[in-house]
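Below: the structure, in structure tokens.
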Amino acid sequence: MIKAILIEDEVNAASALKKMLKIIAPEIAIIDEATNVKEAVQIINASQFDLLFLDIQLKDGNAFELLDQCSNLNFSILFTTAYNEYAIKAIKYSALDYLLKPINPEELEQSLEKVKETIRKKTDYELMLKNFNDNHKSEEKNIVLHTHTQTYIVAEKNIIALQADGAYTRFITTKGEILVSRNLKYYQDVLNATIFLRPHKSYIVNKNYIQSISDNFIKINDVISIPISVRKHQEINQLLKQ
């Protein structure tokens, strides 16, 4: 049995999730609940459990403030949230999982499978959670990247460019290349749009590394040149002037 705690301030959302769990994952038992940060911290610090269902925004605070007050983060977290761009970016940066409300049963089932996998890879999960908790305290963000064999935490400022490689994305960083199993569109939505430009359907580039720009290419250095698509050329020029 997987012991879980539910932190949710919307009565209907909490009720719907519990009903879905009974059908989809009867092996998950909700052992306690809270509707605010103060109650949640008390329950979490006093309990032994495996999984936390955590609403990002509560009436008296948010997930960042709650986690800061927890004495031991030795549990997995499945975030639940209404659409909030800032919160979702924070979660994606850390490669953690989340559900948008109202929760879809199929998405819940898929997320629970991922949670079970993270429990089996506890060390990686602790890195991901630490990155999530650290990112809101610093203006310089780190992003978690998974390969088939390793987990990396990379400073956003050290990412030079990204290149599409089929369903994968190749990160070109100041310390080398990393191939991850997510597509380029995913990272376009996550990375800071004031720093990262998409001059071509197959590339994203950190404008801080651009040495020069011509009609057809962005030059990073003597080795790396990134093509500019015809329809993107005017847009890129305007962005670089800002």
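Read-outs throughout are calculated quantities, based only on the coordinates presented, and are distinct from any laboratory measurement. Because the structure is predicted, anything quoted here is derived from the model rather than measured. Don't worry about glycine lacking a Cβ; one is built from the backbone with ideal geometry, like all the others, and counts go over all protein chains shown.
Observations
- The stretch 35-192 - share of DSSP beta bridges that are antiparallel (%, nearest 5): 70
- As an equivalent ellipsoid, the stretch 1-72 spans semi-axes of 20, 15, 8 angstrom, where each value is the square root of five times an eigenvalue of the C-alpha gyration tensor, largest first.
- Trypsin sites (Lys or Arg not before Pro) lying in DSSP loop within the stretch 2-98, provided at most 13 other Cβ fall within 10 Å: Lys59
- Trypsin sites (Lys or Arg not before Pro) restricted to the stretch 147-241 and DSSP loop, no more than 13 other C-beta within 10 Å: Lys175, Lys201
- Each residue of the stretch 140-155 was assigned a 3J(HN,Hα) from its phi angle through the Karplus curve 6.51 cos²θ - 1.76 cosθ + 1.60 (θ = phi - 60°); the sequence is 8, 8, 10, 10, 8, 10, 10, 10, 5, 10, 8, 10, 10, 10, 10, 5 Hz, with glycine and proline shown as x.
- HN-Hα J in Hz across the stretch 62-74 - Karplus 6.51, -1.76, 1.60, θ = phi - 60°, x for Gly and Pro: 9, 4, 4, 5, 5, 5, 4, 9, 7, 6, 8, 9, 9
- Average silhouette area of the chain, convex hull of alpha-carbon atoms, in square nanometres: 14.4
- The calculated 222 nm mean residue ellipticity attributable to helices in the chain amounts to -10500 deg cm²/dmol, summing -39500 (n - 2.57) over DSSP H runs of n ≥ 4 and dividing by all residues.
- Relative to the longest principal axis of the Cα atoms of the chain, the long axis of helix 122-135 makes an angle of roughly 70 degrees.
- Taking a sphere under 12 Å around the Cβ of Ala155 and counting the other residues whose Cβ falls inside, with K and R at +1 and D and E at -1, yields a net charge of -1.
- Among the GluC sites (Glu not before Pro) within the stretch 125-182, those in coil by DSSP and having at most 11 neighbouring Cβ atoms inside 10 Å are Glu139, Glu140.
- Computed 3J(HN,Hα) for the stretch 189-199, one whole-Hz value per residue from the Karplus formula 6.51 cos²θ - 1.76 cosθ + 1.60 where θ = phi - 60°, is 6, 8, 5, 4, 5, 7, 10, 9, 10, 10, x, glycine and proline marked x.
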